[in-house]
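Notes to accompany the following structure.
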Amino acid sequence: MALALATAILHDNPSEAATLAEEVTNVLPVRQAWTCLVAARQAAGNHAGALEALRRLLGEYAIDEAITKLATIVCSTSASGHWCGIDATGRVVGEAAGDRLLLLDGRRLGATIRRLPRDWMSHRMLAAFHGKAELIGSPIRLDLIVRAHGIAKATTDGGIEGWCWQPGMPDTTPVLTLEDDRGRKRRILPTGLASSGNDVLYRHWAWSIPSDETIKYTAPIRILAQDGSHLPGSPLDPAMFQRATADLARTWSPRCRPQARRQVTAPLPLTYLSRRRTGAARRAPACVVIPVHDGGQVVIACLQRIIRHVPRSWPIILVDDESRDPAIRELLDTLATRPRVTLVRLKAQGGFPRAANTGMRAAAGHDVLLLNSDALPPPGAFAHLRKAAYSCGDIGTVSPLSNDATLLTYPDNGPTTPPDDEASLMHLAALVADANGSAVVDIPTGVGFCMYIRRDCLDDVGLFREDAFAQGYGEENDFCLRARHLGWRHVAAVGAYVAHAGSASFAATKNALIERNLGVLEWLHPGWRDLIEDYGKRDPLFDARRRIDARRWRRTADARRPSVIFVTHADGGGVERILRERVAAAKADGRRAIILRPGSDEEVRICDSPQNNFPDLSYRLPDEASSLHAFLRSCRPERIEYHHMLGHHPSLLGLGDALGIPFQVYVHDYALLCPRVTLIGRDGRYCGEPDASTCDHCVADAGRMIEETIDTADLRLRSAAFLARAAAIVAPSDDAAARLQRHFTGLKADVRPHEQDTVRPLSVGRGLDRLVVAVVGALGIDKGYQVLLDCARDAADRRLPLTFVLVGHSIDDARLLQTGRCFVTGPYREGEAADLIRQERAAFGFIPSIWPETWCFALSEIWRADLPAIAFDIGAPADRIRATRGGLLLPLGLAPGAVNAALLAAPRQFGHV
């Protein structure tokens, strides 16, 4: 959508088009985005930026006629003016006076050559020079242009199917080759386009081979792209599923001894041979096995660090799975000259399982520390894993915590980038070791990027399955499940931490390969997904992660400062904006901010900035209230600011009393008296603030916004007691203070406006052939979504010269867009709204909110755009408009037709504002 919008606005707003196109290039490998980016930057006058983007476009994609013309235009403004590219047929295209020097993987080609050799797709790089100057676009990465993305997978009936596309040559229909274990080959032509998650940008070509064809070939079967590389999912055995079914049938045959069968009761409904392990483990020497397949500078840096930190007595086996990167091959050759390093080179790429098995066979008699080539170990981590492996006789594998390790990821908010440098990694590893020591926690499976495997377990279970998992993902899970059925345990050494640069090797078309292999894993081990899901829900690793977060918290630079506690919700909006300001004020005053947000299952999460930078520092209420209080006391809090309790357990209202410190209450809405928070009744209108029993009927019909099930009367009684204990109650407007005072006798509120409204000259914007009205913010029912929808429909039905632009988003943008009279810009970042309003050439702003807002930042943004505003006569927005004469007020509840009539008449009236 962003690329489509960039293309649409390229002529009228090239700068914004360039921004949108750049966002697309950061996440999607598509030629269209880079072409749009070059064109937009050139049109915006950013010639240097256009030239920079053109280098990427020419260097990584086959060019077409449109790109040829664009390159000529861009390069005509540069000092060189000479460029070079290739098209999908291998034809060399470009502009350069005189002869060019072309180097194909360092080999000189003829000076006047216009087409690359027939085998050009098997080469890596083309360099192009004019004189001594390298041409724009050079070096051209032929391997990236030709590289195939896709998947190959076996079907349950013994066939093979998948999809393929080449982002570097998006207009080309890919041709694949099937090759079996005896060298027999056949071409595979696509049967048509497959559906994909982004059909507009991707061209996923579907292909298939039925089982009556695959039976003619000897497994393993390789599916090869045009450059000779394996399509992800290859090699494979199409008969794998049938063999697995047959093996299961034989297990239950009467010929199989009944005592050798035992039904697994939980969590996997499989048959297995079981035995209990007793006695001390016999120690084997350790060896490191590292499969390598390309990976560029990331892998080069990782391998150099790994070699440094492997204990000196441990041999190292490097397995090169047919790397094509000359720098990687050169580094491996250099490392192999060291006395304890052995290099094994595979003659053909076989994928991670095959490379790992090659290394583990070569490590006969040794425990194996299996490492991805993009692992980043700190000193001492490997010895820590070995110690954990022998802490109990039945431990088969040990894995460390990491920044990107599925179940073992720390922090728990998902995969993150590794520490910036070795010093940062060592610091974090020391924190982890300090927090958890030599503790281990049982896990359902090891994590393959860094997994210590005891030799007796490896000999007992066997190697990874090469026939099932292709380039790799899930092979270690299959191994661990087999080991589990033989009585071996898998543990996490929660005091060890090894960083992970993340999928540098074996990464092509990662998501498709993961999906394919997880399906294979579930077929081989029914119940696997349930096992992992159940483990995630129980989360036995949580305490270990929380101990690390607590250590990090206490070792930050401001850990010794007194603190201020901020209680807030997790829903963003105006509350978040004020929270950021209050946090900044506390820090400027020399205090540490402690922000309490709600988590899942009545958790309260702790952080010290608006970003959730301590995701595992949380406590479940009310069960862990005493632990939470003890932690907070250690932070020397001086006061509490309650900004919102939505999502929190009600026991948090007693935090001030538990800690013995004063607290202030900041009012943002009416959650203290209304279970629906905004005083909107069952009919979708302002309720008039009736008695508690009427409110209960409303809640019964329309539902509640607060999570707690509590009668309105009890809610108000509890809130009254809470407010009576507060050191201060801060409201942003007189209207908000007055409404609270009507419900809580004797309440005294300190009115502090969020901003100082200033009277400024306002002028009606000039539209085109119809009146353009700007609506600002995130619209729900209370903010006036239904009002806007009804007005847009009325304008369309009566063909009024009236258009609405929602600068922001809503609960249902599609229905607004369907009217043809409302356009939606999408969410905006703070500080962008006023400029967006101006760009829409709106005549004025409209606040359709139907609840008594306590402030309204949308109104502020309209005024910042130097436009007047129209709002309903309710709440703080009405008072602010009256006080500043910055707009017009409409009666609340006005019908859509009447609202539109008022909007159309407004430009004439604003002359008298």
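The values are calculated or read from the model by the stated rules, or taken from the named source; none is laboratory data. Only a predicted model underlies this, so the values are computations on that prediction, with no experimental measurement involved. Glycine also receives a Cβ, built like all others from the backbone with ideal geometry; neighbour counts cover every protein chain displayed.
Looking at ARG798, ARG760, ARG766, ARG793, just one residue is more than 25 Å from ALA883 (Cβ to Cβ), among the basic types (Lys, Arg), modelled with pLDDT under 95 and not assigned by TED's automatic domain parsing to the domain that holds ASP683, and that residue is ARG766. Might you check whether a residue that is part of a helix (DSSP H, G or I) and free of Cβ contacts under 8 Å to residues at least 60 places away in the same chain occurs anywhere in the stretch 435-458? No, the conditions are met nowhere in the stretch 435-458.
Screening CYS84 against (1) in contact with a Leu (Cβ under 6 Å, 6 or more places away or on another chain); (2) modelled with pLDDT under 90; (3) of a type outside the set (Asp, Glu); (4) not in a loop (DSSP other than H, G, I, E, B) leaves a single unmet condition, (2). Test each condition in (1) of a type outside the set (Val, Ile, Thr); (2) surrounded by fewer than 22 Cβ atoms within 10 Å (Cβ to Cβ); (3) out of contact with any Ser or Thr (no Cβ under 8 Å at 6 or more places or on another chain); (4) more than 24 Å from ILE729 (Cβ to Cβ) for PRO622 and report the one that comes out false. Of everything listed in (1) of a type outside the set (Val, Ile, Thr); (2) surrounded by fewer than 22 Cβ atoms within 10 Å (Cβ to Cβ); (3) out of contact with any Ser or Thr (no Cβ under 8 Å at 6 or more places or on another chain); (4) more than 24 Å from ILE729 (Cβ to Cβ), PRO622 misses just condition (3). Which residues, counting only those in the stretch 19-51, are among the polar types (S, T, N, Q), closer than 18 Å to MET169 by Cβ and surrounded by fewer than 21 Cβ atoms within 10 Å (Cβ to Cβ)? Matches in the stretch 19-51: THR25, GLN32.
Here PRO269 fits the description: at pLDDT below 90, within 30 Å of HIS485 (Cβ to Cβ) and surrounded by fewer than 17 Cβ atoms within 10 Å (Cβ to Cβ). From the set of residues in the stretch 680-717 that are within 21 Å of ILE781 (Cα to Cα) and among the hydroxyl-bearing types (Ser, Thr, Tyr), which is surrounded by the fewest Cβ atoms within 10 Å (Cβ to Cβ)? For the stretch 680-717, the residue satisfying everything is THR694.
Let's see how each residue does on (1) closer than 17 Å to PRO379 by Cα; (2) acidic (Asp, Glu); (3) in contact with an Asp or Glu (Cβ under 7 Å, 6 or more places away or on another chain); (4) not assigned by TED's automatic domain parsing to the domain that holds ASP367:
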site: THR397; (1), (2), (3), (4): no, no, no, no
site: ALA423; (1), (2), (3), (4): yes, no, no, no
site: SER438; (1), (2), (3), (4): yes, no, no, no
site: VAL441; (1), (2), (3), (4): no, no, no, no
site: ILE453; (1), (2), (3), (4): no, no, yes, no
site: VAL461; (1), (2), (3), (4): no, no, no, no
site: GLU466; (1), (2), (3), (4): no, yes, no, no
site: ALA493; (1), (2), (3), (4): yes, no, no, no
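Cβ separations smaller than 7 Å between residues 6+ apart or across chains give the following pairs from the stretch 173-190 residues that are under 16 Å from GLY350 (Cβ atoms) to residues that are of a type outside the set (Val, Ile, Thr) and part of a loop (DSSP other than H, G, I, E, B): ASP180/TYR217; ASP181/ALA219; ASP181/PRO220.
Quick grid of which residues meet (1) without any contact (Cβ under 8 Å) to a residue 60 or more places away in the chain; (2) of a type outside the set (Asp, Glu); (3) part of a strand (DSSP E or B); (4) closer than 30 Å to GLY350 by Cα:
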| site | (1), (2), (3), (4) |
| --- | --- |
| ALA496 | no, yes, yes, no |
| GLY502 | no, yes, no, yes |
| ARG516 | no, yes, no, yes |
| TRP523 | no, yes, no, yes |
| ASP543 | yes, no, no, no |
| TRP553 | no, yes, no, no |
| ILE565 | no, yes, yes, no |
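State yes or no: is PHE663 at pLDDT 95 or above, touching a helix residue (DSSP H, G or I) at 6+ places or on another chain (Cβ under 7 Å) and among the aromatic types (Phe, Trp, Tyr)?
Working: at pLDDT 95 or above: yes; touching a helix residue (DSSP H, G or I) at 6+ places or on another chain (Cβ under 7 Å): yes; among the aromatic types (Phe, Trp, Tyr): yes.
The answer is yes for PHE663.
Every condition in (1) within 19 Å of ALA671 (Cα to Cα); (2) outside any helix (DSSP H, G or I); (3) charged (D, E, K, R); (4) not assigned by TED's automatic domain parsing to the domain that holds ALA834 holds for ARG742 except the one numbered (2). You will find that of ALA588, ALA550, ALA544, the residue that is modelled with pLDDT of 95 or more and surrounded by 20 or more Cβ atoms within 10 Å (Cβ to Cβ) is ALA544 and no other.
Here are some residues: THR334, THR358, THR397. Which one is among the polar types (S, T, N, Q) and outside any helix (DSSP H, G or I)? After applying the criteria, what remains is THR397. Summed over the stretch 682-722, residues that are free of Cβ contacts under 8 Å to residues at least 24 places away in the same chain and of a type in the set (D, E, K, R) total 7.
Scanning the stretch 569-588 for residues that are within 18 Å of GLY777 (Cα to Cα), among the charged types (D, E, K, R) and not in a loop (DSSP other than H, G, I, E, B) yields GLU576, ARG577.
Please indicate, with yes or no, whether at least one residue in the stretch 786-806 is of a type in the set (Ser, Thr, Tyr) and under 32 Å from the mean Cα position of the chain (by Cα). So far as the stretch 786-806 goes, no, none of its residues is of a type in the set (Ser, Thr, Tyr) and under 32 Å from the mean Cα position of the chain (by Cα).
To keep it simple, each residue is scored yes or no on (1) assigned by TED's automatic domain parsing to the domain that holds CYS480; (2) over 30 Å from ALA88 (Cβ atoms); (3) modelled with pLDDT of 75 or more.
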| residue | (1), (2), (3) |
| --- | --- |
| TRP207 | no, no, yes |
| ASP212 | no, yes, yes |
| ILE215 | no, yes, yes |
| PRO220 | no, yes, yes |
| GLY233 | no, no, yes |
| LEU236 | no, no, yes |
| ARG261 | no, yes, no |
| LEU273 | no, yes, no |
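Here ALA869 meets each of (1) within 44 Å of the chain's Cα centre (by Cα); (2) surrounded by fewer than 23 Cβ atoms within 10 Å (Cβ to Cβ); (3) among the small types (Gly, Ala, Ser) with one exception, condition (2). Checking each residue in the stretch 380-411 for being touching a Lys or Arg at 6+ places or on another chain (Cβ under 7 Å) and either closer than 21 Å to ARG308 by Cβ or among the small types (Gly, Ala, Ser) (or both) picks out ALA389, GLY393, GLY396. Consider the stretch 807-833 and keep the residues that are more than 19 Å from PHE872 (Cβ to Cβ) and over 29 Å from the mean Cα position of the chain (by Cα). The one that is surrounded by the most Cβ atoms within 10 Å (Cβ to Cβ) is ARG821. Residues of the stretch 718-742 that are under 21 Å from PRO877 (Cβ atoms) and either touching a His at 6+ places or on another chain (Cβ under 7 Å) or surrounded by 13 or more Cβ atoms within 10 Å (Cβ to Cβ) (or both): VAL730, ALA731, PRO732, SER733, ASP734, ASP735, ALA736, ALA737, ALA738, ARG739, LEU740, GLN741. If the condition is being under 22 Å from ASP669 (Cα atoms) and of a type in the set (Gly, Ala, Ser), then the stretch 773-807 contributes GLY777, ALA778, GLY780, GLY784. One residue stands out among those in the stretch 350-368 that are out of contact with any Cys (no Cβ under 7 Å at 6 or more places or on another chain) and among the hydrophobic types (A, V, I, L, M, F, W, C): the one that is modelled with the lowest pLDDT, which is PHE352.
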